[in-house]
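The values are calculated or read from the model by the stated rules, or taken from the named source; none is laboratory data. Everything numeric in this text was worked out from a predicted model, so none of it was measured. FYI the Cβ positions are ideal-geometry reconstructions off the backbone, even for glycines, and counts take in every protein chain you see. Protein only, heavy atoms only, side chains kept; ligands, DNA and RNA dropped before computing areas. Shrake-Rupley method; radii C 1.70, N 1.55, O 1.52, S 1.80 Å.
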Amino acid sequence: MATAYQNLSAYDFNSVPDASKMRVGIVVAEWNKEITEKLLEGACNTLERHGAQPENIIISRVPGSFELVYGAKKMAEKKDLHAIIVLGCVIRGDTPHFDYVCSGVTQGVTQLNLMYNIPFIFGLLTNDTMQQSIDRAGGIHGNKGDEAAVTAIKMVHTFR
């Protein structure tokens, strides 16, 4: 459903299982840091609200969104995790770069979900403007980081 019709941070708290025994990795892009750090904050806060221990939230930063897939793959290979969340922000510009980066990350995360026995959660904002990104990183449309964390918890519990 389009974000305009649903707040990314709005969900039934009681419908989300306990995350106290979960180890979750988060790979976050440094590009558009003013946005991605808010996504990271939302994801961590939501995981902790559902019982995840801060020491069981493993964070890794990569330079940009295109590097999220490689960072997530390496995290899956080196850490014993129940889920990995990728967080980034790509804003459309004047060149087709936006299309290539968004497509590459989307396809890469899909491939990781097929290769590993844990869920990889897609938390990449793909917006036309900086304001749209602000609106989805704790602004009027909530926080995509919250939504990604809830998705991670539910996916882990669904397939345990």
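For a quick check of your reading of the model, give me the residue pairs whose first member lies in the stretch 122-137 and is closer than 19 Å to GLU41 by Cβ, whose second is surrounded by fewer than 21 Cβ atoms within 10 Å (Cβ to Cβ) and basic (Lys, Arg), with beta-carbon atoms closer than 8 Å and at least 6 apart or on different chains. Here the result reads ASN127/ARG92, each pair linking the stretch 122-137 to a residue that is surrounded by fewer than 21 Cβ atoms within 10 Å (Cβ to Cβ) and basic (Lys, Arg). Would you confirm whether any residue within the stretch 5-24 is modelled with pLDDT of 95 or more, exposed (fewer than 12 other Cβ atoms within 10 Å of the Cβ) and under 25 Å from GLY71 (Cβ atoms)? Scanning the stretch 5-24, I find no residue that is modelled with pLDDT of 95 or more, exposed (fewer than 12 other Cβ atoms within 10 Å of the Cβ) and under 25 Å from GLY71 (Cβ atoms), so the answer is no. Just one of the listed residues (GLU67, GLU147) is charged (D, E, K, R) and touching a Leu at 6+ places or on another chain (Cβ under 8 Å), and it is GLU147. Within the stretch 7-19, at least one residue is among the β-branched types (Val, Ile, Thr) and in contact with a His (Cβ under 8 Å, 6 or more places away or on another chain). Can you confirm whether the stretch 9-26 contains a residue that is under 26 Å from TYR100 (Cβ atoms) and among the aromatic types (Phe, Trp, Tyr)? No: zero hits.
Going through (1) surrounded by fewer than 17 Cβ atoms within 10 Å (Cβ to Cβ); (2) touching a helix residue (DSSP H, G or I) at 6+ places or on another chain (Cβ under 7 Å) one by one, GLN111 falls short only on (2). If you go through the stretch 43-94 and keep only what is more than 14 Å from the chain's Cα centre (by Cα), among the polar types (S, T, N, Q) and outside any helix (DSSP H, G or I), you end up with just GLN53. Scanning the stretch 128-155 for residues that are within 25 Å of ALA52 (Cα to Cα), open to solvent by 10 Å² or more (accessible area, probe 1.4 Å) and of a type in the set (Val, Ile, Thr) yields a count of 2. Kindly indicate whether any position in the stretch 123-130 is touching a Phe, Trp or Tyr at 6+ places or on another chain (Cβ under 8 Å), among the hydroxyl-bearing types (Ser, Thr, Tyr) and more than 23 Å from VAL16 (Cβ to Cβ). There is at least one residue in the stretch 123-130 that is touching a Phe, Trp or Tyr at 6+ places or on another chain (Cβ under 8 Å), among the hydroxyl-bearing types (Ser, Thr, Tyr) and more than 23 Å from VAL16 (Cβ to Cβ).
Please go through the stretch 84-103 and pick out each residue that is without any contact (Cβ under 8 Å) to a residue 40 or more places away in the chain and buried (at least 16 other Cβ atoms within 10 Å of the Cβ).
Start the filter on the stretch 84-103 by keeping residues that are without any contact (Cβ under 8 Å) to a residue 40 or more places away in the chain, which leaves 92-103.
Scanning the stretch 84-103 gives PHE98, VAL101, CYS102.
Have a look at ARG49, ARG61, ARG160 and point out the one that is in contact with a Phe, Trp or Tyr (Cβ under 9 Å, 6 or more places away or on another chain), of a type in the set (D, E, K, R) and open to solvent by 30 Å² or more (accessible area, probe 1.4 Å).
Going through ARG49, ARG61, ARG160 in turn, the sole match is ARG49.
Within the stretch 32-46, if we keep just the residues that are of a type in the set (Asp, Glu) and free of Cβ contacts under 8 Å to residues at least 24 places away in the same chain, the residue that is surrounded by the most Cβ atoms within 10 Å (Cβ to Cβ) turns out to be GLU37.
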